[in-house]
Structures are given as structure tokens and as C-alpha cells.
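The structure appears below as C-alpha cells.
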Amino acid sequence: MQKESNIYLDLKYGNRNRVFNQIREAGSISSSALSYELQLSRPTIKQNVDELMGMGLIYESGTFGHTGGRRAKAYSIVKKNKVAVGIDLTKNHVTTIVIDLSGDLIYEKRVRLAFSQEDNYKRELGRLVEEAIKAQDIENDAVMGVGIAVPGLITEDQQKVFYGEILKFTGMTAEELGKYIPYPCRLYNDADAGGYAEISQSEELTDAFYISLSNNIGGSILIDHKVYKGESPRSGEIGHMTVLPGGGECYCGQQGCFEVYCNATILSGQYEGDLAMFFQQLDEGEEKCRAIWKEYLHYLSIAVNNIRMLFDCKVILGGYVGAHLEKYMDELKRLATERNTFEDNADYLRVCKVKKDALALGSALPFIHEFWKTL
């Protein structure tokens, strides 16, 4: 009897989940269209629509039909019923975003704030989150959680930094960092967050390797729309792949790391941290920028080809530099092709679709996606 009861509940919740997600994906849809698309009876649709409305997750958003008679009611999701917060935490800045139940960005703010393990820094993180929630007039119980993208390696339970040399915060926990954040907090490796945001926006891609070309270099292995973490878990750490044996010293203590030759500060550092200015001067033909860019592409092509040889999958270029790469792809593809043993083109290379707030977005999206699957 218990087994039959469990089967009934699984079916019941499964139907509710399907109805909700069909409404979400459609944007606006009628009961008859729901019945047709999901191949569920009208009474089953009505039961689930009534239940979802009672939960405050959907509402009557209008009507369909112009041919006389009763017009069909249209249903849409209540986007602010549930939200998630994402934070991109770097050495000198904090970006805070809020996304709604559709996964759409509804708030974004970036402030200059030097990282610190002191209490005042943690208090300011809490204030920034509260400010974001209040700015959108969101109820506290609508916030499912806060994802924090950091330049470090994270334990599998997403609660502790087990390697954080960049910010010198190895051992920092989500509880400590979120001391003044009154919502559940998780930590995410920044490159993994960027990769997750990117693969979530790419319907045609299920597998890829994402390279985060920001102030630090990171990578993310994406398989079946999920981040593959490896055994340690520290997969994708291509920033510490050697591209020049015996080369420049990396913060990790090794020499010749990819990190040393392709981090974004190599470019932005020419103009007091202004990456856009570097690319503007590059476009205008400034000789020093052209020389720096030539060397940058040289080492980037080495890394890209190594990844292609290893994984034989699409390679997505993201991060701060990735957002500027569109017009330079032909040159990079040519360099990558010259190194490729098996292919006469580099069409596997892609520029990121998410060009802004990718790390914050990728740390917030898991909360939303989990809700979609488990409602």
C-alpha cells in the first residue's frame, strides 16, 4: 500500500512540475494548450493549475481567442515568487545580481570593494544583498539562496574554500563569508560559475570546455549541461597548465603557467585597469598594444589547441577578455589551426554569449534550476 501511495505522489508531483515548466517555457498559455502539449486530461490540468495558483506560482495573465464565445484564460508564472542572488567576488570588486523564477536578470550592481577577511567586509556583503532584495520589493521568504563565485577551489558540498591562494583565504567557509547574509549561501569556483551560465544559455550545446579569461585564468569542463568536477575536485584548472617551460613565475609557485601569459591584467594593466581602453587603442593601431596582443594570442592558441586535443569538444572563450574577442576570432582561429594535427579549421572555437555578469549569474542559476526540477 505504501508503495502504491508513493507512486501516486510521484505522479502527482511530476504532473505539477510538468505543468509549471510548460507555462514557464511558453510565457503565456491556455489550459487547452497545456492539455494538448502535455497530453494530460483537462481535469488533471485544472487540478494542477488551481494548485499552482494557490501556491502563488502562476496567475491569470490575460485571455486568448477572438472568434466569439468564452475567451480562454491565459496563465503565466509569477516571476518574483522565487528569486536567487548571485555574487561575483574578486580582489577589488563585488558584483551583486538578482534573478527571477524565469532565470532573468532583474537587478545588477558592481561596487569597488577590496577583499578582506575582516568583519566589516562581511557586513558590507550582507548590506549589498539586502539592498538588492529591497530594491526589487521582494519578500524575504522568496529568496531561495545566495551563490558566491570566488577565485578558489571549493569542496563538493560548496561550503569551504580548500585552495584560495589568489585572495589568501584558504579555509574560508560559506558560513563565515555569509555571516551577515540572512539566506542560505553556497560557494562556487568562479570559472565553473561562468561555464554553467554559458552552457545554460546554449540550447544547441550540451558539452563544452569554457575558458574564463579574466584577471585570473580558469576553466570549466561541461558535460550534459553539468560541470564535471573530477576526483579532487579541481578539474579544469587550466590556468596552471604549462605553456612555456621555465617561463615567468606564477602565484602558484610554478613557472610558465597559462595564467602568467593570458590573464586580463596583462592587457588592462596598460591603461590602469581599463580593459576597454586597451581594445580601443588596439583597434586604433597603437603599436605597443599590437605587440602585446600578438603575444597574448600566441599563448592563447597554445592553450586552446591543447584543450581541443584533449577533449575534442567546443571551446568557449569567456571572462573579461572573452567579451571583447568577437572581432579577433579569425586571427585566433588561424593560430589555433596551425597547431592542430587533425583539422584544417578551428570552428570549434566560440565566443561567450554571456558577456556580462557571467560569474554572478552562474552562481545564482543553480537555485532556480533546482526549483524547476523539484517543484
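The values are calculated or read from the model by the stated rules, or taken from the named source; none is laboratory data. Being a predicted model, the structure only gives us computed values, none of them experimental. Glycine also receives a Cβ, built like all others from the backbone with ideal geometry; neighbour counts cover every protein chain displayed.
For region 328-372, filtering for residues that are more than 17 Å from VAL227 (Cα to Cα), touching a residue at least 24 places away in the same chain (Cβ under 8 Å) and part of a helix (DSSP H, G or I) leaves 9. The number of residues in region 114-139 that are over 16 Å from ASP357 (Cβ atoms) and not in a helix (DSSP H, G or I) comes to 8. When residues in region 131-158 are screened for being crowded, with 16+ Cβ neighbours inside 10 Å and farther than 23 Å from ILE238 by Cβ, 8 of them pass. Take the conditions over 21 Å from GLN201 (Cα atoms), in the same structural domain as GLY362 (by TED's automatic domain parsing) and surrounded by 17 or more Cβ atoms within 10 Å (Cβ to Cβ) and apply them to THR95. Does it pass? The answer is no for THR95. Would you check if LEU325 is buried (at least 18 other Cβ atoms within 10 Å of the Cβ), assigned by TED's automatic domain parsing to the domain that holds GLU237 and in contact with an Asp or Glu (Cβ under 7 Å, 6 or more places away or on another chain)? Spelling it out, it is not the case that LEU325 is buried (at least 18 other Cβ atoms within 10 Å of the Cβ), assigned by TED's automatic domain parsing to the domain that holds GLU237 and in contact with an Asp or Glu (Cβ under 7 Å, 6 or more places away or on another chain). Among the residues examined, GLU175 does not qualify as within 30 Å of TYR261 (Cα to Cα) and loosely packed, with under 15 Cβ neighbours inside 10 Å.
Scanning region 136-150 for residues that are within 18 Å of ARG110 (Cβ to Cβ) and modelled with pLDDT of 95 or more yields VAL146, GLY147, ILE148, ALA149, VAL150. Scanning region 206-255 for residues that are crowded, with 19+ Cβ neighbours inside 10 Å, more than 17 Å from GLU165 (Cα to Cα) and without any contact (Cβ under 8 Å) to a residue 60 or more places away in the chain returns SER220, LEU222, VAL227. For region 17-33, a residue qualifies if it is part of a helix (DSSP H, G or I), within 19 Å of SER61 (Cβ to Cβ) and in contact (Cβ under 8 Å) with a residue 40 or more places away in the chain, and the qualifying residues are PHE20, ASN21, ILE23, ARG24, SER31, SER32. Give the residues of region 248-283 that are farther than 15 Å from ILE211 by Cβ and either not assigned by TED's automatic domain parsing to the domain that holds LEU297 or not in a helix (DSSP H, G or I) (or both), sorted by residue number. Residues satisfying the conditions are GLY248, GLU249, CYS250, TYR251, CYS252, GLY253, GLN254, GLN255, GLY256, GLU272, GLY273, ASP274.
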